[in-house]
Amino acid sequence: MFDGLRKKFQNAVKLFSDREEKKLEENSSGDSVSGTITDSESITTPKSPNNSEDSISGNHKDTVSNISSQDSEIVRNGITSRKPPIENAIQAPQQEKKQINSKVKIKLSTKIKGTIFNKVRLSDSEINGFAEDLKVSMLESDVSYDTTEEFISDLKKKLSTEINAKDIKSALFDSVRASLLDIMSKAHPINIMDGIEKKIKEREIPVKILFLGPNGTGKTTTIGKIGYMLKSKGISMAFSASDTFRAAAIEQTEHHANALNVPVIKSVYGADPSSVAFDAIAYATAHNIEVVLIDSAGRQETNRNLIGEIQKMARVIKPDIVIYVGESTSGNAIAEQIREFSKFIRIDGIILTKLDCDAKGGNAISITSTTGIPVLYFGIGESYKDLIPYDPKMIIDAILPN
Ligand SMILES: Nc1nc2c(ncn2[C@@H]2O[C@H](COP(=O)(O)OP(=O)(O)OP(=O)(O)O)[C@@H](O)[C@H]2O)c(=O)[nH]1
Ligand SMILES: [Mg+2]
């Protein structure tokens with residue numbers, strides 16, 4: 001899980017922080033100890049009128065008055081002159097190249113000050129470069145465009161303050177973590193188990209939970225997993241085999257019901273799914289059963305007939321919780337699918353399945369902020385125990401381990 005994101009985030013942070021720390025190291029060593037220009041480095045100096053080497057001082061200063069702050073001062077025989085950038089040597093008239101082996105005193109830059117005061121402020125271009133690297137990594141990992149943009153602008157704000165010069169990597173990790181947490185905590189989180197237990201306590205039973213989503217995303221398997229979870233809490237339930245459309249769908253629901261020793265209410269293929277759900281609720285009411293888990297056939301958001309059918313189901317049974325089951329491997333398409341579905345039917349929460357098969361994992365980050373609907377659980381395998389609660393901190397720790 002999250003392998004793609006982990007590698008990309010860590011590479012981006014490591015590359016950038018190594019580069020910055022190296023720059024700082026070089027600059028700070030230049031601050032305290034004079035460096036040496038090697039014999040191979042050539043320095044351009046103006047030719048003095050009397051050809052005396054010592055007279056380079058005054059004339060040269062005029063010639064190079066506009067060189068950048070990156071340039072170095074050359075201290076030679078007690079006289080200070082300037083060293084233009086090696087690749088950008090100023091070609092003044094009557095200059096000659098000389099091989100000089102002399103001491104170099106590197107100028108105090110912001111970064112050297114950073115090493116003195118343990119604080120450093122990254123420049124806008126440095127922040128933009130880092131942000132751009134992360135942005136590409138996120139988009140490649142299926143994080144949605146809008147979420148990526150939002151994350152990047154939040155991160156830039158966080159990075160534009162002073163950060164610890166001694167440990168740039170940790171400072172970057174902390175900022176990235178904080179921005180990720182902001183993004184992932186967008187939709188108000190709901191804990192459906194708490195909600196179910198509260199309703200049971202108040203005797204508002206049966207609690208009706210409808211599962212819907214595109215074909216093959218894992219709806220029926222997830223009903224088995226939620227059933228397993230409810231069972232471990234001692235909560236009674238019935239299953240409604242309301243996928244009367246796909247071959248073997250009824251038997252599949254029955255299989256899970258038998259495995260968990262739960263009653264299943266079913267009909268024949270082609271029967272009205274709403275009436276099967278209605279019967280299941282009546283059965284639960286009659287038997288004091290606390291929860292009804294209602295399956296439905298897979299459907300695409302573009303199929304108006306099947307969307308009409310699920311709307312009817314919602315009208316008839318008035319579910320307490322509607323759960324959209326989508327697979328994380330769908331990439332960016334999933335956010336659009338959910339948005340389309342929610343135009344027709346209220347969706348209270350999302351379960352993102354097959355995260356174990358998703359090499360990228362970006363949906364886990366962006367789905368909540370993109371849709372505004374909370375993710376409830378992740379499906380991480382095919383067995384009953386392979387359902388874990390949505391926990392932004394857990395995801396962040398997986399992507400950016402301490
Ligand atoms: N690896 C993995 N496989 C899963 C997960 N959830 C479901 N599956 C598998 O996905 C396949 C489809 O699961 P179903 O539960 O039948 O999906 P569905 O949405 O009910 O399918 P339809 O009713 O045909 O729309 C099955 O082989 C499941 O075992 C998961 O989290 N991880
Ligand atoms: Mg199914």
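Quick look at the values:
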| item | result |
| --- | --- |
| Residue ranges of helices (runs of 4 or more DSSP H) in the stretch 330-402 with at least 3 members without any contact (Cβ under 8 Å) to a residue 40 or more places away in the chain | 333-344 |
| Residues of the stretch 328-362 satisfying the condition of being among the charged types (D, E, K, R) and over 23 Å from Lys135 (Cα atoms) | Arg339, Glu340, Lys343, Arg346, Asp348, Lys354, Asp356 |
| Scan of the stretch 269-317 for residues that are away from ligand 2 (no atom under 16 Å from the Cβ), part of a loop (DSSP other than H, G, I, E, B) and surrounded by 17 or more Cβ atoms within 10 Å (Cβ to Cβ), ordered by number | Ile289, Glu290, Glu301 |
| Ile152, sole failed condition from (1) more than 23 Å from Leu15 (Cα to Cα); (2) more than 16 Å from ligand 2 (Cβ to nearest atom) | (1) |
| Count of residues meeting criterion [within 16 Å of ligand 1 (Cβ to nearest atom), farther than 15 Å from Ile226 by Cβ and of a type in the set (A, V, I, L, M)] in the stretch 346-393 | 5 |
| Pairs, first closer than 10 Å to Thr220 by Cα and within 16 Å of ligand 1 (Cβ to nearest atom) in the stretch 286-307, second in a loop (DSSP other than H, G, I, E, B) and basic (Lys, Arg), C-beta under 6 Å, six or more apart | Ala297/Arg246 |
| Residue list for the stretch 242-268, filter: among the hydrophobic types (A, V, I, L, M, F, W, C), assigned to a loop (DSSP other than H, G, I, E, B) and more than 22 Å from Met193 (Cα to Cα) | Phe245, Ala247, Ala248, Val268 |
| Tally of residues being more than 16 Å from ligand 2 (Cβ to nearest atom) and closer than 11 Å to Asp320 by Cα across the stretch 198-222 | 6 |
| Filter result (crowded, with 24+ Cβ neighbours inside 10 Å and among the hydrophobic types (A, V, I, L, M, F, W, C)) within the stretch 351-368 | Ile351, Leu352, Ala364, Ile365, Ile367 |
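FYI, it's all coordinate maths here, none of it is from the lab. In this text the structure is predicted, and so the values were computed from the model without any measurement. Note: ideal-geometry Cβ built from the backbone for every residue, glycine included; neighbour counts use all protein chains shown.
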